[in-house]
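Contents: one structure, followed by commentary.
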Amino acid sequence: MSIVLVTGSAGLIGSEAVRFFCEKGFDVVGIDNNLRKSFFGPDASTEWNKQQLAASYKNYKHYDLDIRDEGGISDVFSKYRGNIALIIHAAAQPSHDWAAKEPTTDFTVNANGTLVLLECLRKLSPEAVFIYTSTNKVYGDTPNELPLIELETRFELPAEHQFYNGIDETMSIDSSTHSLFGVSKTAADLLVQEYGRYFGLKTGVFRGGCLTGPAHSGTMLHGFLSYLMLCCISGGKYSIFGYKGKQVRDNIHSLDLVNAFYHFFENPKRGEVYNIGGSRKSNVSMLEAVTLCEKISGKKMNIEYIDKNRIGDHIWWISDISKFRKDYPGWDIRYGITEILEDIYNAKKSRH
């Protein structure tokens with residue numbers, strides 16, 4: 001019996017991973033206590049997703065646990081000891097605005113929770129593959145030092161710049177403003193690398209751009225495209241923070257990301273790091289995203305512009321995914337930005 005253990009299993013990436021591996025015939029164990037509702041309010045609750053997974057897959061078992069609970073997490077690992085083949089760690093406090101309100105909670109969830117899981121990996125399931133869903137915020141605001149050009153709807157890099165096709169893993173993570181969320185995720189990112197390199201465990205770090213998809217319970221503080229489309233459908237006000245709305249993000253569909261995890265699982269490395277995102281195939285500025293949402297929905301959006309940008313926020317981020325493509329040539333991105341937004345729109349229309 002090969003078991004896949006997924007943290008944050010009712011969230012965007014976690015639930016996509018549950019579906020993906022259940023449908024491949026694995027037994028999947030999920031850990032999620034719906035802290036997202038505590039962070040962002042009832043609209044962000046993932047309870048609907050948890051119930052949907054339980055109803056859809058007989059090979060899925062859910063545990064309502066906090067990843068900081070050493071005893072509870074250890075009990076789960078002990079119960080399935082010898083059978084856990086893969087751990088996908090997608091649980092997190094994901095917002096840098098929220099992190100500033102409760103730095104201790106943010107750090108203990110993101111950093112200490114990851115340490116709890118890694119210790120269980122080392123002591124109870126050392127043969128398993130461990131995949132960590134990290135973030136491009138580990139680079140802090142260093143990307144904002146790039147020589148960006150202001151165009152009509154977006155900021156952009158000159159075509160001849162070394163990072164035009166995306167920022168790669170050589171960019172420094174030091175001497176920049178990360179946001180407290182960025183700091184806690186960086187701590188966890190380094191822990192996962194170190195457990196791979198120091199203890200020889202099969203660990204992989206995936207530094208994501210914007211992760212998105214139809215299962216996202218988007219809110220104002222987290223879930224850019226999901227919340228944007230929700231506001232478009234409902235008529236709610238959407239606030240753009242700074243940079244004239246021309247800030248650029250690459251967006252990767254949750255299924256494309258989980259498929260990348262699967263490729264790593266089949267041929268794992270030790271302490272490896274990959275930037276992963278929509279790359280040049282799937283990226284959009286805030287202004288461009290609003291236009292696309294209006295086109296897909298047929299509705300005019302209620303937009304509010306706030307001049308002050310978020311601290312540590314990126315003006316331009318596109319991931320260079322060439323390192324992962326080189327190591328795993330069988331993988332590629334399937335969803336472009338329009339297909340992603342259409343997928344989100346259809347899912348939200350059916351749920352709301």
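All of the numbers you see were taken from the coordinates with simple rules; none came from a lab. None of these values were measured; they are calculated from a predicted model. Cβ coordinates were reconstructed from backbone atoms using ideal geometry, including for glycine residues, and neighbour counts include every protein chain displayed.
A few comments on the model shown:
- ³J(HN,Hα) computed for each position of the stretch 323-336 - Karplus, 6.51 cos²θ - 1.76 cosθ + 1.60, integer Hz, glycine/proline x: 5, 5, 4, 5, 6, 9, x, x, 9, 7, 6, 9, 9, x
- Here the residues Ile276, Ile296, Ile333, ranked from fewest to most Cβ neighbours within 10 Å of their Cβ, fall in the order Ile296, Ile333, Ile276.
- Close amide H pairs (under 5 Å, H built 1.01 Å from N) link His62 with Gly30, residues at least 5 positions away or on another chain.
- Within the chain, helix-based [θ] at 222 nm, where runs of 4 or more DSSP H residues each add -39,500 (n - 2.57), nearest 500: -11500 deg cm²/dmol
- When the Gaussian network model of the chain links Cα atoms closer than 10 Å, the mean-square fluctuations of Val116, Val284, Val18 top out at Val116.
- In Hz, Karplus ³J(HN,Hα) per residue of the stretch 168-175 (6.51, -1.76, 1.60; θ = phi - 60°; x = Gly, Pro): 9, 6, 7, 5, 5, 9, 9, 6
- Residue pairs, from the table Lys299/Lys348; Lys326/Lys348; Lys237/Lys299, whose Cα atoms sit over 24 Å apart: Lys326/Lys348
- Listed residue (Ala91, Ile233, Tyr195) projecting farthest to the positive dipole end of the chain, Cβ model: Ile233
- From the largest down, the chain spans 56, 43, 41 angstrom on the principal axes of its Cα atoms.
- Residues with amide H under 5 Å from that of Thr135, placed H, sequence gap 5 or more: Gly208
- The angle separating the long axis of helix 224-234 from the principal Cα axis of greatest extent in the chain is about 60 degrees.
- Student exercise, the stretch 1-157 dipole from Lys, Arg, Asp, Glu Cβ charges, in Debye to nearest 20: 720
- Footprinting exposure proxy ranking of Asp97, Asp43, fewest other C-beta atoms within 10 angstrom first, gives Asp43, Asp97.
- Multiplying each eigenvalue of the alpha-carbon gyration tensor of the stretch 225-292 by 5 and taking the square root yields semi-axes of 31, 14, 10 Å, largest first, rounded to whole angstroms.
- Think of each Lys and Arg Cβ as +1 and each Asp and Glu Cβ as -1; about the Cα centre, that makes the dipole of the chain roughly 680 debye.
- For the cross-link pairs Lys244/Lys300; Lys58/Lys202; Lys123/Lys269; Lys50/Lys300; Lys37/Lys202; Lys61/Lys349, the ones whose C-alpha atoms lie over 21 Å apart are Lys58/Lys202; Lys50/Lys300; Lys37/Lys202; Lys61/Lys349.
- Phi to ³J(HN,Hα) by Karplus 6.51 cos²θ - 1.76 cosθ + 1.60 over the stretch 33-39, Hz, x for Gly, Pro: 10, 6, 4, 4, 5, 5, 5
- Top of Ser125, Ser45, Ser239 by mean-square fluctuation, Gaussian network on the chain, Cα under 10 Å: Ser239
- When the chain is described by a simple charge dipole with +1 on each Lys and Arg Cβ and -1 on each Asp and Glu Cβ, the residue from Ser297, Ile311, Gly271 located farthest towards its positive end is Ser297.
- Springs join every pair of Cα atoms under 10 Å in this Gaussian network model of the chain, and among Met301, Met171, Met229 the largest mean-square fluctuation is at Met171.
- The mean sequence separation of alpha-carbon pairs under 8 Å and at least six residues apart, normalised by the residue count of the stretch 3-351, gives a relative contact order of 19 percent.
- Listed residues Gly71, Gly41, Tyr60: farthest to the positive end of the dipole of the stretch 23-132 (Cβ charges): Tyr60
- Dipole magnitude for the stretch 214-352: about 240 debye, using +1 per Lys or Arg Cβ and -1 per Asp or Glu Cβ, origin at the Cα centre.
- The ranking of Cys22, Cys293 from fewest to most other beta carbons within 10 Å of each one's beta carbon is Cys22, Cys293.
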